[in-house]
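Okay, structure first, notes after.
The values are calculated or read from the model by the stated rules, or taken from the named source; none is laboratory data. The model shown is predicted, which means the values in this text are computed figures rather than measured ones. Positions of Cβ are backbone-derived with ideal geometry, glycine not excepted, and every protein chain shown enters the neighbour counts. Side chains included, ligands, DNA and RNA excluded: accessible areas come from the protein's heavy atoms. Shrake-Rupley method; radii C 1.70, N 1.55, O 1.52, S 1.80 Å.
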Amino acid sequence: MLSVDELKARIRIVPDWPKPGISFKDITTLLRDGAAWRSAIDQMAALCRPLRPDVIVAPEARGFIVGSALAYALGAGCVPVRKRGKLPAETLRGEYLLEYGADVLEIHRDAFKPGSRVLVVDDVLATGGTVTATIDLVSQLGGNVVGVGLLIELTYIPGRESLKGYEVVSLIKY
Ligand code: AMP
């Protein structure tokens, strides 16, 4: 089992990407290391297991990577939240604001049974916009959001403040 600091050492920081001022946390350098990746998911699973989720709901694209591995580890189902026009069956659509403009996320209307215990999972929590929009979709479908699980939390951005009232669990903090 690798320590959180050892996991952190495997995340590549790319300054000024995708634009000036952003310190991008590149997880590909963690993912390519089998022992480190397994260790990260095992530790996230230990943190999230007490929340007893029935399903994990994860936004594209890096949310899928973390969410599906975590769902497997917890024996939970896995539900993708996708950008506009990607899901084939009937969807519920939500708009959310980006720094410039807006974007759309969609979820299948029959993604989980109403009342299901849902854990929302993403790779990085920054402003919280993506997670908040995902929670909104889950709530509209009658899901019981039991928590939010993040591989990485950027504590220098007040993303957690937009998630007041929710159990927020993160493994690696900057
Ligand atoms: P936000 O909606 O602002 O919380 O942004 C979260 C989404 O943007 C996540 O899905 C991340 O993949 C990505 N993201 C935002 N900021 C960063 C960053 N500094 N490094 C890596 N990914 C980021």
- request: For region 128-159 and region 5-61, write down the distance between their C-alpha centroids in whole Å.
  value: 16
statement: Quick note, the chain: a/c under 1.5 would make it rounded; otherwise a/b > b/c is prolate and the rest oblate (a ≥ b ≥ c, C-alpha gyration tensor); here it is oblate
query: How many nm separate the modelled label positions at residue 93 and residue 13, each set 7 Å beyond the Cα in the direction of the Cβ?
result: 4.0
- prompt: With +1 on each Lys and Arg Cβ and -1 on each Asp and Glu Cβ, how big is the dipole of region 51-173 about its Cα centre, in debye rounded to the nearest 20?
  reply: 200
message: Relative contact order of region 17-89, please, whole-number percent, based on alpha carbon pairs below 8 angstrom and at least 6 residues apart.
response: 26
field: Candidates 34, 67, 159: whichever shows maximal mean-square fluctuation once the chain is modelled as a Gaussian network with Cα springs under 10 Å
entry: 34
- request: Would you pull out the residues with amide H under 5 Å of residue 173's amide H, same chain only if 5 or more places away, H placed 1.01 Å from N?
  value: 153
- prompt: Accessible area per residue, 1.4 Å probe, Å², for the chain: what's the number?
  reply: 51
query: Which residue, 90, 153, 60, tops the fluctuation ranking in a GNM of the chain built on C-alpha contacts under 10 Å?
result: 90
- prompt: Roughly to the nearest percent, how much of the accessible area of the chain is carbon and sulfur, given a 1.4 Å probe?
  reply: 52
field: Most mobile listed residue (40, 76, 89) in the chain, GNM with C-alpha springs under 10 Å
entry: 89
field: Rounded, prolate or oblate (a/c below 1.5 giving rounded, otherwise prolate when a/b exceeds b/c) for region 76-141 by Cα gyration tensor
entry: oblate
query: Can you give the calculated 222 nm mean residue ellipticity of the chain, where each DSSP H run of n ≥ 4 adds -39,500 (n - 2.57) and the sum is split over every residue, rounded to the nearest 500 deg cm²/dmol?
result: -8000 deg cm²/dmol
